[in-house]
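Colleague: Following this message is one structure expressed as structure tokens.
Here, each number is a calculation from the coordinates, and none is a lab measurement. The structure displayed is predicted, hence computed values, not measured ones. Backbone-built Cβ (ideal geometry, glycine too); neighbour counts: all protein chains shown.
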Amino acid sequence: MIKVCGMREPANIRHVEMLDVDCLGFIFYARSPRYVPDKSEYMEAIGNCTKNRAGVFVNESLDFMLDKAKLFRLNYLQLHGNEPVTLCDDLRFQGYYVIKTFSIATASDFRQTGNYRNSCDCFLFDTKCTGFGGSGKCFDWSLLEAYQGETPFLLSGGLTPDCVDDLKKLKHPQLAGIDLNSGFEIAPALKDVGLLKDFIQKVRCFANGE
């Protein structure tokens, strides 16, 4: 699974969704430079996106997320804060695919996934940093050996066009895909389509054994 996160600009959304991606992510955290406000131009562009549409939230209420999901026609909800297991359960009950983010710095950080194993469709492992939001840096991927859970995960945190060879070496059985953001940007919320296209083609080739 290839997810491109931090999208916002309508023309950029149209160009990126034409690539071989599975999901586009949109951030509804007001302190993010990639924040998507409730403007008709964004609602239309996101709502009409032909790929899976993920909303990224930080410690928001159930009602807030359901309202955004309806406005922007989201089908994936990604929780990037300290959300409880019960909230994940509630969102899944409403029919949404739930991704729970965990910040990783040491092997012990994977312990927190245990309580969520039956309440999420997928995890996302990101680099631990101060506050919420991406750091633009990779964590030590060798730590992934410590994750023994059965819930599939997406790898995030500092992925750039230079990561292809390192990604080829990852063989974790629960690695389901990657999450791309700042390492492929011209400016916050504006992706370099050419960089993405080239990178995605390379990833698809080795993922398919070519």
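Colleague: Using the Cβ atoms and a cut-off under 14 Å, what net charge is assigned to the surroundings of I104, where Lys and Arg are +1 and Asp and Glu are -1?
Modeller: Around I104, the charge tally is -1.
Colleague: Continuing with this model, one more query. Let me check the size of segment 2-207 from its C-alpha atoms; what are the radius of gyration and Dmax in Å?
Modeller: Here Rg and the maximum Cα pair distance are 15.9, 44 Å.
Colleague: Could you tell me the number of lysine pairs in the chain with C-alpha atoms less than 13 Å from each other, where the two lysines are 8 or more residues apart or belong to different chains?
Modeller: So the count of such lysine pairs works out to 6.
Colleague: For segment 11-114, just say rounded, prolate or oblate: build the C-alpha gyration tensor, square-root its eigenvalues into a ≥ b ≥ c, call rounded for a/c under 1.5, and beyond that prolate if a/b exceeds b/c, oblate if not.
Modeller: Prolate.
Colleague: What does the extension gain come out to for R14 and K137, with contour length at 0.36 nm per residue minus their alpha carbon separation?
Modeller: Computed gain between R14 and K137 is 41.6 nm.
Colleague: Something else about it: Only Cα pairs within less than 10 Å get springs; with that Gaussian network setup on the chain, which residue of A69, A107, A54 has the largest fluctuation?
Modeller: Judging by the Gaussian network model, the answer is A107.
Colleague: Under Stokes-Einstein, with the Kirkwood radius over Cα pairs standing in for Rh, what whole-number D in µm²/s applies to segment 166-209 at 20 °C and 1.002 mPa s?
Modeller: Here the translational diffusion coefficient equals 182 µm²/s.
Colleague: What does the extension gain come out to for N52 and A146, with contour length at 0.36 nm per residue minus their alpha carbon separation?
Modeller: Taking 0.36 nm per residue and subtracting the Cα distance, the gain is 30.9 nm.
Colleague: With springs only between Cα atoms under 10 Å, which of Q148, Q78, Q94 fluctuates most in a Gaussian network model of the chain?
Modeller: Looking only at Q148, Q78, Q94, the biggest GNM fluctuation is shown by Q94.
Colleague: Going by the alpha-carbon gyration tensor, a ≥ b ≥ c the square roots of its eigenvalues, is segment 1-53 rounded (a/c under 1.5) or, if a/c is not under 1.5, prolate (a/b greater than b/c) versus oblate?
Modeller: Oblate shape, in that a/c is at least 1.5 and b/c is the bigger or equal ratio.
Colleague: Test of understanding: ordering D89, D63 by Cβ neighbours within 10 Å, fewest first, what list do you get?
Modeller: D63, D89
Colleague: Right, next: Comparing G114, G81, G55, which has the greatest mean-square fluctuation in the GNM of the chain with Cα pairs linked when under 10 Å apart?
Modeller: G114
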